[in-house]
1. With each run of n ≥ 4 DSSP H residues scored as -39500 (n - 2.57), what mean residue ellipticity at 222 nm is computed for the protein assembly as shown after dividing by its residue count and rounding to the nearest 500 deg cm²/dmol?
2. What ranking of B:Lys12, B:Lys66, A:Lys15 emerges when the number of other C-beta atoms within 10 Å of each C-beta is taken as an exposure proxy, fewest first?
3. Taking the beta-carbon count within 10 Å as an exposure proxy, list B:Leu82, B:Leu88, A:Leu42 from fewest neighbours to most.
4. Could you tell me the center-to-center distance, by alpha carbons, between the stretch B:45-76 and the stretch A:58-83 in angstrom?
5. How long are the three semi-axes of the equivalent ellipsoid for chain B, computed from the Cα gyration tensor as the root of 5 times each eigenvalue, in whole Å, largest first?
6. Within 10 Å of each Cβ in peptide A:11-22, how many partner chain Cβ atoms are there on average? Round it to a whole number, please.
Amino acid sequence: MATNFDTVMLVDDNKIDAILNKKVLEKDGFSTNIQVYNSALLALKQLESIAENSAIVKPSLVFVDMMMPEMNGFQFIEKFELLPDSIKDHTKIVFMSGSMLSQDQLEKLEHNKHILKFISKPISKSSLNSILELNL
Amino acid sequence: MSVNGVSLQELKFFNLTDILVLLDNDVDTLKVLIEEFIDVAPQDIQDLNNAILSNNLQVITEKAHKLKSTFKYFGIVTASKLAQIEELAKNENEIEQIQIMFESILIDFEGALDEAKKLVS
């Protein structure tokens with residue numbers, strides 16, 4: 001697999017999940033620059049900084065976990081929607097969870113134009129392939 | 001296959017087959033993950049215990065969810081019991097049921113922690 005995305009952001013408070021998922025993203029050349037944030041708040045701050053500084057490369061994708069303390073995945077999406085268009089037009093969200101989602105939660109994701117896909121954790125090669133297909 | 005002189009087939013509490021597939025047999029990253037497990041999991045178990053003692057269903061759900069995925073990656077069989085604790089707390093079941101389930105996890109956790117230390121010492 002050739003490198004597909006220059007920069008992606010991985011947002012997960014669980015460090016073990018983050019290390020493992022980063023490795024999976026790296027190993028087949030899905031991305032060469034994977035920025036890991038163990039806090040959704042910090043990731044959001046970084047996106048705000050990027051929006052104000054055109055010299056910083058915008059991530060193409062943000063992999064965000066659903067269940068996190070302080071700010072969970074759904075709350076992150078709500079805040080993401082308030083970011084400037086310069087970010088929202090460039091960056092898509094891949095929503096991750098280690099649990100089954102309820103029908104309501106799935107519908108919420110399906111109707112959000114910023115969400116590229118929902119995937120289960122840990123990230124697998126097949127889920128990355130499905131993202132690539134959507135992005136073609 | 002062995003890690004740090006310990007044969008993975010001899011492990012009783014860990015089953016590292018699946019995680020090694022995900023890691024393409026990268027033993028160095030496996031060791032980083034095991035070190036993280038040693039650093040973080042005891043505190044998470046303690047936090048879960050405290051949440052059960054204080055009947056804090058929200059924190060029980062969060063901690064059980066986090067530990068569940070960690071246990072699953074390392075092939076610790078009681079991952080399924082953590083999934084049950086998460087569901088019990090989400091559905092606001094009796095705390096006594098959660099307490100019994102939690103106590104049955106501790107022996108496997110202590111065994112896994114001992115094995116983890118041998119793998120990276």
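1. Calculated from helices alone, the mean residue ellipticity at 222 nm is -18000 deg cm²/dmol.
2. B:Lys12, A:Lys15, B:Lys66
3. A:Leu42, B:Leu88, B:Leu82
4. 23 Å
5. After scaling each eigenvalue by five and taking roots: 28, 13, 12 Å.
6. Counting other chains' Cβ atoms within 10 Å and averaging over A:11-22 gives 5.
We did not get these values from a lab; they are worked out from the coordinates using the rules stated. As the structure is a prediction and not an experimental result, all values here were calculated from the model. Glycine gets a Cβ as well: all are built from the backbone with ideal geometry, and neighbour counts include every protein chain shown.
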